[in-house]
Amino acid sequence: QLEYEESGGGSVQSGGSLNLSCLVRGSVFGVNPLEWHRQAPGKPRELVAEISTREITEYADSVKGRFTISRDNSKEMVYLHMTRLRPEDTAVYYCKIPYFPSWGRGTQVIVSS
């Protein structure tokens, strides 16, 4: 069974940066792609970034050029480096391995104008 432990969220002003981390407990880390999702209040959850096993990355248009996803297979960690944050980036951020149903608790990001 997979378990996710997201951390690194917080409150920042517009234009600031945050680094999110996620520890993925389970035996399938190295052989699967990884994703970061977010859910803003009153909105559906959305896919923000993903990274393949060969470290090919893709991003939502809203974060392209500002966010960077990376992974460390030896530590079973996935990261999201966020820069030039905007108030519309305010959300709870979750990491996930696609195709597996479980979710973690997420980490809250608040960006004030």
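For every residue, the table says whether it meets (1) among the hydrophobic types (A, V, I, L, M, F, W, C); (2) at pLDDT below 95.
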residue	(1), (2)
Asn73	no, yes
Arg84	no, no
Phe100	yes, yes
Val111	yes, no
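Could you check region 34-46 and list, in sequence order, the residues that are assigned to a strand (DSSP E or B) and open to solvent by 40 Å² or more (accessible area, probe 1.4 Å)?
Scanning region 34-46 gives Gln39, Glu46.
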Flag for Ser62 being in contact with a strand residue (DSSP E or B) (Cβ under 9 Å, 6 or more places away or on another chain), part of a strand (DSSP E or B) and more than 19 Å from Glu76 (Cα to Cα): no
For Val31: the one exception among (1) free of Cβ contacts under 8 Å to residues at least 60 places away in the same chain; (2) open to solvent by less than 70 Å² (accessible area, probe 1.4 Å); (3) β-branched (Val, Ile, Thr): (2)
Qualifying residue in region 69-83 (condition: aromatic (Phe, Trp, Tyr) and surrounded by fewer than 17 Cβ atoms within 10 Å (Cβ to Cβ)): no
Qualifying residue in region 35-52 (condition: at pLDDT below 95, more than 13 Å from the chain's Cα centre (by Cα) and closer than 19 Å to Ile97 by Cβ): no
The lone exception for Ala49 - which of (1) on the phi > 0 side of the Ramachandran plot; (2) in a strand (DSSP E or B) it fails: (1)
Selection status of Gly15, open to solvent by 40 Å² or more (accessible area, probe 1.4 Å), assigned to a loop (DSSP other than H, G, I, E, B) and in contact (Cβ under 8 Å) with a residue 12 or more places away in the chain: yes
Selection from region 84-102 of residues that are of a type in the set (Gly, Ala, Ser), surrounded by 13 or more Cβ atoms within 10 Å (Cβ to Cβ) and under 15 Å from Leu23 (Cα atoms): none
Qualifying position, being open to solvent by 30 Å² or more (accessible area, probe 1.4 Å), touching a strand residue (DSSP E or B) at 6+ places or on another chain (Cβ under 9 Å) and assigned to a loop (DSSP other than H, G, I, E, B), among Arg54, Arg105: Arg105
Residue pairs meeting the criteria (Cβ under 7 Å; at least 6 apart or on separate chains; first within 18 Å of Val92 (Cα to Cα), in region 48-73; second assigned to a loop (DSSP other than H, G, I, E, B) and open to solvent by 60 Å² or more (accessible area, probe 1.4 Å)): Arg66/Arg84
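The values are calculated or read from the model by the stated rules, or taken from the named source; none is laboratory data. Please read all numbers here as calculations on a predicted model, not as lab measurements. Counting neighbours? That spans all protein chains shown, and the Cβs are built from the backbone with ideal geometry, glycine included. For accessibility, only protein heavy atoms count, side chains too; no ligands or nucleic acids. Shrake-Rupley method; radii C 1.70, N 1.55, O 1.52, S 1.80 Å.
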